[in-house]
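Working notes for the structure below.
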Amino acid sequence: KNLPKFQFGPAIVLEQKKCINCQNCSDVCAKQTGGGFIVPKEKSDSFEIFPSKEKDRDCIYCGQCIAHCPVGALSEVEDWQKVKTLLIHNKKKVVFQFAPAIRTSIGEEFGMAPGEIVTEKIFSALKKIGAYKVFDTSFAADVTIMEESEELIKNILNNKNEVMFSSCCPAWVKYVDFYEKD
């Protein structure tokens, strides 16, 4: 098949030639977003997926379509080659920042015990490949929690009847941006 390759925003790539017509991606997208950004377009004997044309729908880049694709037709956009080029040519100072979850999950990819904390190994590895600076997001997460807690306490003490949500997950934030009701 000579089907087109789609890139959904900055995060997700679909290679339709790998697609087996299971529709897992469109089903989970509909559940995740309350309507679906990935929509199937039936053709005689093939199945094609396209971005929804609805103005109120947009991909939130949650990655559930990738996780539910059994054949790898959907994948994340990989920028590691761009980063590698920056590190090799050494013309820019490259800064890495990683989420707290990485320090306990990435070790398993290298054969370490599940849950083993590998923060120092991450810092060392990134510095060895040329990183200018490496930051763990956990400090910023702690500051955010303290600010949110203070806001919540003020709201409770002032009898404000408001709902408060918070998340550092980009997909969750984008979901709220797209689907919040005034």
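General observations
- Glu108 vs. criteria touching a residue at least 60 places away in the same chain (Cβ under 8 Å), under 29 Å from Pro10 (Cα atoms) and of a type outside the set (Phe, Trp, Tyr): no
- Any chance Leu126 is of a type outside the set (D, E, K, R) and farther than 30 Å from His89 by Cα: no
- Considering residues of the range 59-100 that are part of a helix (DSSP H, G or I) and not hydrophobic (A, V, I, L, M, F, W, C) only, the residue nearest to the chain's Cα centre (by Cα): Gln64
- Of all residues in the range 13-24, those that are assigned to a loop (DSSP other than H, G, I, E, B) have Cβ atoms under 6 Å from Cβ atoms of residues that are of a type outside the set (D, E, K, R) and at pLDDT below 85, 6 or more apart or on another chain, in Asn21/Phe47; Gln23/Pro40.
- Residue list for the range 138-174, filter: open to solvent by less than 80 Å² (accessible area, probe 1.4 Å) and touching a residue at least 60 places away in the same chain (Cβ under 8 Å): Ala171, Lys174
- In the set Asp56, Asp45, only one residue is charged (D, E, K, R), at pLDDT below 80 and within 21 Å of the chain's Cα centre (by Cα); that residue is Asp56.
- Complete set of residues in the range 101-137 that are at pLDDT below 90, open to solvent by 50 Å² or more (accessible area, probe 1.4 Å) and part of a loop (DSSP other than H, G, I, E, B): Ala101, Pro114, Glu116, Ile117
- Tallying residues that are of a type in the set (Phe, Trp, Tyr) and under 17 Å from Asp79 (Cβ atoms) within the range 1-23 yields 1.
- Whichever residue in the range 76-100 is closer than 30 Å to Glu15 by Cβ and among the basic types (Lys, Arg) and, among such residues, is most open to solvent (accessible area, probe 1.4 Å): Lys82
The values are calculated or read from the model by the stated rules, or taken from the named source; none is laboratory data. All of these numbers come straight from a predicted model, not from anything done at the bench. FYI the Cβ positions are ideal-geometry reconstructions off the backbone, even for glycines, and counts take in every protein chain you see. Accessible surface is based on the protein model in full, side chains and every heavy atom, while ligands, DNA and RNA are left aside. Shrake-Rupley method; radii C 1.70, N 1.55, O 1.52, S 1.80 Å.
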